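Q: Let me begin by handing over the structure; questions about it come next.
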């Protein structure tokens with residue numbers, strides 16, 4: 001019995017000894033690791049460099065799943081609330097910001113062409129993060145576009161009125177299968193109206209001025225706008241258009257797709273636009289052929305004036321210009337000067353949220369001036 005007890009005690013001692021050695025080793029290893037490899041310290045400046053995997057980049061205030069779009073500069077300093085995208089167009093699928101400190105985290109950066117300096121010194125810094133796309137915003141016609149060398153191969157996306165832009169900007173007609181029974185042609189107390197604020201010959205207005213000078217010899221035109229010292233309040237814009245049988249939608253320069261609010265306004269107000277711009281077929285890419293009158297449909301200004309006077313006397317013929325409203329509905333555009341770029345910026349927000357693919361713009365000016 002004594003030998004058995006001695007053996008048991010010996011085994012117990014060996015087990016305790018081994019347990020002690022293991023415990024000491026664990027404690028030693030733990031403290032050694034803690035002293036030599038301290039936990040990493042959070043450094044926000046380091047995260048702007050982690051661009052290989054975007055999901056690893058923490059971003060303050062970035063909405064879950066929404067791309068961050070940085071407006072590098074406010075176009076013409078016209079500012080608006082970014083929530084207006086939701087308010088006016090029900091667009092809320094990106095996060096818009098003008099905070100340049102978020103540049104390294106921005107998925108897309110919108111750069112307004114007319115704000116770029118000739119030496120390119122006010123562009124976003126380079127090199128840009130490889131995941132980031134730059135968007136060229138420009139709504140002017142080629143006639144009123146200055147060429148700034150160095151932009152030809154700089155951008156990823158174009159944001160323009162042009163239909164062949166990466167992100168085209170335009171108010172679209174809404175279609176419906178069921179006939180629209182709510183539309184009623186507004187009462188008219190004016191025959192032809194024109195709102196014009198720009199008469200600067202350097203902007204390409206000579207053609208429309210020549211047209212108006214001859215056209216107004218044969219028909220009465222009610223004029224509004226700064227160019228004729230009869231300013232029209234914004235609140236009166238749509239009611240005034242609605243009170244006219246015809247509205248002169250004359251563009252300041254003639255280029256492909258260059259027509260937006262001048263034709264959209266009268267269509268939305270319930271008035272027949274008389275358009276001067278690119279060929280009729282270009283307009284018909286966006287609007288029904290019977291919704292407008294094109295000046296090129298007539299051999300001269302007198303013939304056009306005589307036709308409008310005839311429509312004024314023939315109510316049934318005039319009403320034919322509104323048959324398209326049975327299944328198509330135009331949307332009023334924003335008219336405040338400070339709202340000029342809301343549609344474009346909100347459209348860009350919606351586009352980049354839906355299209356994440358990478359691309360580059362080559363020969364920007366070759367495309368725009370071609």
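FYI, it's all coordinate maths here, none of it is from the lab. It should be emphasised that the depicted structure is a prediction, and the values quoted were computed from it without experimental measurement.
Q: State, to one decimal in nm², a quarter of the convex hull surface area for the C-alpha atoms of the range 237-337, i.e. the direction-averaged projected area.
A: 6.8 nm²
Q: Would you please report the Å³ per residue occupied by the convex hull of the alpha carbon atoms in the range 260-313?
A: About 81 Å³ per residue, rounded to a whole number.
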